Structures are given as structure tokens and as C-alpha cells.
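Asker: The structure follows.
Nothing in this text is a laboratory measurement; each read-out follows from the coordinates by a stated rule. Remember, it's a predicted structure, so these values are computed and weren't measured experimentally. When we count neighbours, we look across all protein chains shown, and the Cβ atoms used for this are built from the backbone with ideal geometry, even at glycine.
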Amino acid sequence: MRVISALSERILRSVALFSLIAFIFIIVAAPALCLQAPIQLPAPQMTGGMPLMQALAQRQTARAFADKPLPMQTLSNLLWAAFGVNRSRDVKTGLGRTAPSAMNKQEVALYVVLADGAYVYEAEQNKLRPVVAGDVRAKVAQGAGAHAAATIIYVADAKLDYAQVDAGFIGQNVYLFAASEGVNAWFYALHGADVAIALKLPEGQKALYGQSVGYRP
Ligand SMILES: Cc1cc2nc3c(=O)[nH]c(=O)nc-3n(C[C@H](O)[C@H](O)[C@H](O)COP(=O)(O)O)c2cc1C
């Protein structure tokens, strides 16, 4: 009788331990493993907006944001203005983009950090490919950028010197779009190593700069 109760006690303990481990996994590990679905952005609107000279007159850095998401259409327009495809495929030069790049390498990747996770902008497909689940905005952005609707992290091969310049062109596109749209934008330096961990960047890829965009508080 004692042997049976000792055995059932051990089974009960094992079941309890297994349930505890399963519970911890569900709460802590599972959300990180389940990536959000890819986002097919609506086609960007390539007409309209503010006249260029007026957008230039209003371009500025503003470091405060309301924690309110941008509509998908605005996000699509923003990313297209930043580094979207503006010319069809050409055998010699490849896709034409809204920003130039050294040797037309089009090397800079735009990691788009939203409240629900981080994505890579796939310009040709006009898609956001998920790379990290959950809100990592505070891990990648400076200051109030942590609650901006969207933070773009400019990522490139760490060995490519020209990538810094390429990122600058894209950043100015974002500033001009923000001025035209009446939202705030802020380009800034990053703690590259921390951001690389938060965004699970592939080996050899470097986070160069961040740029947060969002509604005014
Ligand atoms: C390469 C680069 C790095 C920057 N890094 C930071 C930064 O780390 N923190 C910050 O608050 N602003 C940063 N800025 C924004 C500048 O401070 C800002 O552009 C400058 O003060 C001029 O203001 P304006 O953009 O409103 O004309 C950076 C801008 C550039 C171009």
C-alpha cells in the first residue's frame, strides 16, 4: 500500500512539474517564438502631399510622439517615400528606388518597428516581413521614440562605408514625408549592439541609425 502511494505521489509531482514548465513556456517563451503574420501594405499613394518647397520649409526634427498607430495607408506611403520602388525593373540597373545608393547596391534594409513587433520592409512586394514578435520599441529607440507609431532602423553590412550616406538620403525622404503629412520625425544614433540583439540581426549586419515617426502628442 505504501509503495503504491509513494508511486502515485511521484507521478503527481512529475505531472505538477511538467504543468509548471508548460505554463512558464506558454507565458514566457511561446509569444517570442510565434511571429506575427506578414503585412501586405496597401498600394502607396504616389500623388498628392504638400508641395516640395513647403515640405522643405517645414522639415524639422521633433522628438515627441503620441502612442497612436499610423493607418496602414500612411505607413505604406511613408515607407514608399523612404525607399520604395519608383521605377520598374531594368535589366541593367535593377529596381529604381526613391533614394539613391552607392553603386546602386540598395544595401540599406529598413527594419520597421511597430507596437506589435519588428518587420523588414520588402519594397518590391510592398510587404512587411515579420522578424521579431512583441513590443521592442523601447529596446531600439531613443527617448520618446519608444512610443512612436513607427521606428525605422537603418541596417546594412557593417563593412560598407557608403551605407551611412545611403541611409541619410532615405532619412531625408522620411523627414520630408513627415513634414508633408503633419507628423513628427526624429533621426538619431543608436546603441548598435543592443539593437542588433533586439532585432536579431544576421551576422555582419549593423544597425546604423534609427528614425521614429508618429503623431504629435
Ligand atoms: C547622422 C545624424 C545623427 C543624429 N543623431 C541624433 C541623436 O543621437 N540624438 C538626437 O537627439 N538627434 C540626433 N540627430 C538629429 C539632429 O540633432 C538634428 O537633425 C539637428 O539638431 C538639427 O535639427 P533639425 O533636424 O530640426 O534641423 C541626428 C541627425 C543626424 C543627421
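Asker: What list of ³J(HN,Hα) values in whole Hz, one per residue of region 96-103 in order, does the Karplus curve 6.51 cos²θ - 1.76 cosθ + 1.60 (θ = phi - 60°) give from phi, with Gly and Pro shown as x?
Answerer: Using θ = phi - 60°, the values come out as x, 10, 6, 10, x, 8, 4, 6 Hz.
Asker: What are the residues whose amide H is under 5 Å from the amide H of VAL131, where those residues sit 5 or more places off or on another chain and H is modelled from the backbone?
Answerer: Amide H to amide H, under 5 Å and 5 or more residues apart or across chains, VAL131 pairs with ALA118, TYR119, VAL120.
Asker: Another question, then. For ASP157, which sequence-distant residues (separation of 5 or more, or a different chain) have an amide H within less than 5 Å of its own amide H, given hydrogens modelled in the peptide plane?
Answerer: The list, which skips near neighbours in sequence, is LYS206.
Asker: Among LYS159, LYS105, LYS139, which comes first, second and so on when ranked by fewest other beta-carbon atoms within 10 Å?
Answerer: LYS159, LYS105, LYS139
Asker: If each of PHE18 and ASP116 carries a label point 7 Å out from its Cα toward its Cβ, how far apart are those two points in nm?
Answerer: With each label point 7 Å from Cα toward Cβ, the separation is 3.4 nm.
Asker: If you don't mind, another one. Beyond a 21 Å Cα-Cα separation, which of these cross-linked pairs lie in this structure: LYS105/LYS159; LYS68/LYS206; LYS127/LYS159?
Answerer: Distance filter (> 21 Å) returns LYS68/LYS206; LYS127/LYS159.
Asker: Quick one: what are the phi-derived ³J(HN,Hα) couplings along region 179-188, Karplus 6.51/-1.76/1.60 with θ = phi - 60°, whole Hz, x for glycine and proline?
Answerer: 4, 5, 8, x, 10, 8, 9, 8, 9, 8
Asker: Still on this structure: What FRET efficiency do you get for LEU35 and LYS105 if R0 is 25 Å and r is their Cβ-Cβ distance, rounded to the nearest 0.05?
Answerer: The pair LEU35/LYS105 has a calculated efficiency of 0.35.
Asker: So what are the ³J(HN,Hα) numbers for region 140-147, from phi and the Karplus equation (6.51, -1.76, 1.60; θ = phi - 60°), rounded to whole Hz, Gly and Pro as x?
Answerer: Each residue of region 140-147 in turn: 10, 9, 7, x, 5, x, 4, 10 Hz.
Asker: Shifting gears a bit: Report, please, the projected area of the chain averaged over directions, based on the convex hull of its C-alpha atoms, in nm².
Answerer: Mean projected area for the chain: 16.4 nm², to one decimal.
Asker: Given a cut-off of under 8 Å on Cα pairs at least six residues apart, what relative contact order in percent is computed for region 39-214?
Answerer: Reported relative contact order: 29 percent.
Asker: Provide SER14, SER76, SER101 in ascending order of the number of other Cβ atoms located within 10 Å of each residue's Cβ, fewest first.
Answerer: Ranking SER14, SER76, SER101 by Cβ neighbours within 10 Å, fewest first, gives SER14, SER101, SER76.
Asker: Taking the square root of 5 times each eigenvalue of the Cα gyration tensor, what semi-axes in Å does the equivalent ellipsoid of region 55-128 have, largest first?
Answerer: 25, 16, 11
Asker: Scan the chain and report its longest stretch carrying no GluC sites (Glu not before Pro) that are both in a DSSP loop and have at most 15 other Cβ atoms within 10 Å.
Answerer: The longest such stretch corresponds to 1-123.
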